[in-house]
Amino acid sequence: MLSKLDQQQYTKRMNNRIRKNSVLQSVFFLSALFGLFVLAILIIRVVTQGFGWIDMDFLTGRLSTDPERAGIMGAILGTLWVMIVVIPVTMIVGVGTAIYLELYAKKGKFQASIQTNISNLAGVPSIVYGLLGLTVFVRLMDLGNVVLAGGLTLSLLVLPILIVAAQEAIRAVPSHLAEASYGMGATKWQTIQRVILPAALPSILTGSILSLSRAIGETAPLTVLGIPALLIPFPNGFFDTFTALPMQIYYWTLDSSLVAEYANLAAATIIVLLVLLFVLNSVAIFIRNKFQHRY
Amino acid sequence: MSVVMMENKMTVQLNQEKEQSAGTAIEEKDVVFNTKELNLWYSETHALKNINLSINEKEVTAIIGPSGCGKSTYIKTLNRMVELVPGVRTTGEITYKGKNILDRSFRVEDLRTQVGMVFQKPNPFPKSIYENIVYGPKIHGIRNKKILDEIVEQSLKGAYIWDEVKDRLHENAYGLSGGQQQRLCIARCLAVQPDVILMDEPTSALDPKSTLKIEELIQQLKKDYSIIIVTHNMQQAARISDKTAFFLNGEVIEFGDTNTIFTNPSDSRTEDYISGRFG
């Protein structure tokens, strides 16, 4: 027993401390519940509104102004084509930048300025990236509002997130592993390839999941690029005009005041987008776990 | 000290008259590392001050001294591992078999292939025992499975760990005990067939039994390799080394035969340290 406190004081303080602990525990639990609650409402609303509208014709059909005949195959293909651009561009440029900054760059003003810029870019609103994409890819490079322009714009948008995640993943690899490799005469690249990247890969993939999810759902930069929502033909390559799932959702929601069924179509498209996200994430998680349990 | 200086001077001359006669070549072979007026700074901190040391081939050279005296820094300079720390500057020279390793033209990859290192904390890769051993040979381009198998067996036998692991070569190295991991790291180092093995307090994280095993191993390895070992443990230095260097505040206070250093040190600071008065 603490000698400065008498028994009464001790009991009183102990009761207070224990009460404080349980109150805070409830506060934290409610905070956690809040997120779950909102998500549940969202999913229930979307599913009740849209689930009945999902059928084979909706998934594989072409777009139409008639809600009964409208399909979203074009938007699904558009989103997939954009991902085909975004995944390799962000992985190569993002991981490459992280490797350079963490392992090759000399710590100095140049490195520090790149680092600061990346952190700042991560906070730039997505619509500004849309303007950048419009200026550089659509107009200056004269690509037009095609898959490649959309994909590159979204890549720029999510690159800072991926770079920072990859840097943290690389930094978390214990330095004594790299030292063991250098100590046997390995070059920097051999050490990166055989020791650092395999150890950092699971965390890098977690970062890439986050950034891809962001890219799939972005609408604002696409509207600025002038991506149409009412588009009948399917995209077949990098230089085709396209539309994407979030664009489809955006326009149908906007026009639901004109045609009530559009709200249901938007909800159905949201379900498809969520499922697509879920599938992409599962693939990334599968790859991550495969590498984690290699030894 | 004067003997060392003389040797240093001799080597300088020998380097200048390199390959003039067979006689010089034999004499030169005795010295593996010759350090001349080495100074090293970590940014503003002067960590090594005017180091002159001549380290012989196929001997065990122990480096002792209190924490922060520069002993680890010194052996990390011998394979230029110290360059991984940003802001390191050096002056002076260290010749390895007659060539200055601090020279920009000396490639670190070449140096570290010939000068292997065992670290303070056992640091196996999170791979199988087999993959740990073949890491070095593989980065140097050996791909033949039969040759790799041979290297694995030889290296593990060389580090006296073969019998303990031969039935589980393809299990994760993290499943080994600390002492076994350290011997695995020594085996991994042997797989590259270096000339010199640097050991940075290799037993400080190990229990007494594992320490004894490593010490016995060092005695065996000395026949084929030059070994430079940093140790906190003075009894260890006395037990296993031929030469001992005592470092204090970044300077070499005394360097000579281990017997002399421990029985009849010429500097009072050496005597204070080995008799446990400080450090």
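For this structure, a couple of remarks:
- When only alpha carbons of chain B are considered, Rg and Dmax amount to 19.0, 57 Å.
- When Rg and the Kirkwood Rh are both derived from Cα coordinates, the Rg/Rh ratio for region B:113-177 amounts to 0.94.
- For chain A, the relative contact order works out to 25 percent when only alpha carbon pairs closer than 8 Å and six or more residues apart are counted.
- Loop-located trypsin sites (Lys or Arg not before Pro) across region B:133-210 with a Cβ neighbour count of 11 or fewer within 10 Å are B:Arg143, with loop assigned by DSSP.
- Distance between the 7 Å Cα→Cβ label points at A:Val259 and A:Arg45: 2.3 nm.
- Within region B:25-117, the trypsin sites (Lys or Arg not before Pro) that combine a DSSP coil assignment with at most 12 other C-beta atoms in a 10 angstrom radius are B:Arg104.
- Length-normalised contact order of chain B in % [C-alpha pairs under 8 Å, at least 6 apart]: 25
- Highest-fluctuation residue, A:Leu210, A:Leu280, A:Leu36 considered, GNM on chain A with Cα pairs under 10 Å: A:Leu36
- Residue mean of other protein chain beta carbons inside 10 Å, B:128-140: 3
- Cβ neighbours within 10 Å from other chains - mean over A:184-195: 5
- As a calculated quantity, the FRET efficiency between A:Leu230 and B:Ser266 at R0 = 56 Å, using C-beta atoms, amounts to about 0.05.
- Rounded to the nearest 0.05, the FRET efficiency derived from the C-beta distance between B:Val85 and A:Met73 at R0 = 56 Å is 0.45.
- Calculated from backbone phi, Karplus (6.51, -1.76, 1.60) coupling profile of region B:147-159 in Hz, x at Gly/Pro: 5, 4, 4, 4, 4, 4, 5, 4, 5, 5, 5, x, 9
- Pairs of lysines in chain A whose Cα atoms sit within less than 25 Å of one another amount to 6, provided the residues are eight or more positions apart or on different chains.
- Set B:Lys36/B:Lys76; B:Lys58/B:Lys138; B:Lys127/B:Lys166; B:Lys97/B:Lys145; B:Lys58/B:Lys146; B:Lys99/B:Lys213 screened for pairs whose C-alpha atoms are more than 24 Å apart: B:Lys58/B:Lys138; B:Lys97/B:Lys145; B:Lys58/B:Lys146; B:Lys99/B:Lys213
- Shielding value for A:173-181 is 5, the average number of Cβ atoms from other chains within 10 Å of each residue's Cβ.
- For region A:157-172, putting each phi into the Karplus relation 6.51 cos²θ - 1.76 cosθ + 1.60 with θ = phi - 60° gives couplings of 4, 9, 3, x, 4, 5, 4, 4, 4, 5, 4, 5, 5, 5, 5, 7 Hz, in residue order, rounded to whole numbers and with x for Gly and Pro.
- Largest to smallest principal axis extent of the C-alpha atoms in region B:56-143, angstrom: 39, 33, 32
- For region B:40-57, the Karplus equation 6.51 cos²θ - 1.76 cosθ + 1.60, evaluated at θ = phi - 60°, returns couplings of 9, 10, 9, 6, 9, 7, 7, 8, 10, 10, 6, 7, 10, 8, 10, 10, 8, 6 Hz by residue, with Gly and Pro reported as x.
- Both radii were evaluated on the Cα set of region A:67-144; the Rg over Rh quotient, with Rh as the Kirkwood radius, amounts to 1.13.
- DSSP beta bridges in the protein assembly as shown [antiparallel fraction, %, rounded to 5]: 60
- Using only the C-alpha atoms, the convex hull of the protein assembly as shown corresponds to 260 Å³ per residue.
- Annotation: Cα Rg of region A:5-78 relative to the compact-globule expectation 2.2 N^0.38 Å equals 2.37.
- For B:Val230, residues with placed amide H under 5 Å, excluding near neighbours: B:Ile63, B:Met199, B:Asp200, B:Glu201
- Here each label is just a point 7 Å from Cα along the line to Cβ, and for A:Val23 and B:Tyr42 those points are 4.8 nm apart.
Laboratory data are not the source of any read-out in this text; all were calculated from the coordinates shown. These numbers were taken from a predicted model, which means no experiment stands behind them. Please note: Cβ atoms are built from the backbone with ideal geometry, for glycine as well, and neighbour counts cover all protein chains shown.
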